[in-house]
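Chemist: Pasting a structure below so you can have a look.
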Amino acid sequence: MSWDAISQQQQVTVAGQVVTSRISSRADAPTDYDTVVVVNPTTGAQDVTLPDGGTWTKTFDGRGITTDDRTASPAAVTVFRVVRRS
């Protein structure tokens, strides 16, 4: 897979020090994001806005545990995955 193909299937935003990447695993639906990765180097938790159209779960965070909230842990990488499309 080329970088051009990969870059068309993700959207990256930066808010201060927090970097959020929304990723689609489907080349035929490049904006149908099913994974959200948040890099949060700050000392406080950050609320995360997840794309509409599915039920999301936090896969893991800096503590290595999963909880059903929408926050990115401080000083960590947090990953969310869509588990069911609506």
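Chemist: If a residue must be over 11 Å from the mean Cα position of the chain (by Cα), open to solvent by less than 20 Å² (accessible area, probe 1.4 Å) and either closer than 18 Å to residue 84 by Cα or aromatic (Phe, Trp, Tyr) (or both), how many such residues does the range 18-28 contain? Explain how you work it out, then say what you get.
Modeler: The first filter runs over the range 18-28 and keeps only residues over 11 Å from the mean Cα position of the chain (by Cα), leaving 18, 25-28.
From what is left, the residues that are open to solvent by less than 20 Å² (accessible area, probe 1.4 Å) are 18.
Within this subset, residues satisfying the condition of being either closer than 18 Å to residue 84 by Cα or aromatic (Phe, Trp, Tyr) (or both) are none.
Count: 0.
Chemist: Based on this model, can you work out whether residue 81 counts as touching a residue at least 24 places away in the same chain (Cβ under 8 Å), within 25 Å of residue 7 (Cβ to Cβ) and open to solvent by 60 Å² or more (accessible area, probe 1.4 Å)?
Modeler: Details: touching a residue at least 24 places away in the same chain (Cβ under 8 Å): yes; within 25 Å of residue 7 (Cβ to Cβ): yes; open to solvent by 60 Å² or more (accessible area, probe 1.4 Å): yes.
Against the criterion (touching a residue at least 24 places away in the same chain (Cβ under 8 Å), within 25 Å of residue 7 (Cβ to Cβ) and open to solvent by 60 Å² or more (accessible area, probe 1.4 Å)), residue 81 qualifies.
Chemist: State all residues of the range 12-29 that are more than 16 Å from residue 54 (Cβ to Cβ) and out of contact with any helix residue (DSSP H, G or I) (no Cβ under 8 Å at 6 or more places or on another chain); if no residue qualifies, say none.
Modeler: First, the residues of the range 12-29 that are more than 16 Å from residue 54 (Cβ to Cβ): 12-21, 27-28.
Selection gives 12, 13, 14, 15, 16, 17, 18, 19, 20, 21, 28.
The values are calculated or read from the model by the stated rules, or taken from the named source; none is laboratory data. Note that the structure is predicted; figures quoted are calculated from it, not measured. A quick note on method: Cβ atoms are made from the backbone with ideal geometry, for glycine too, and the neighbour counts reach across all protein chains shown. The protein model used for the area step is the full one, side chains on, heavy atoms only, and it has no ligands, DNA or RNA in it. Shrake-Rupley method; radii C 1.70, N 1.55, O 1.52, S 1.80 Å.
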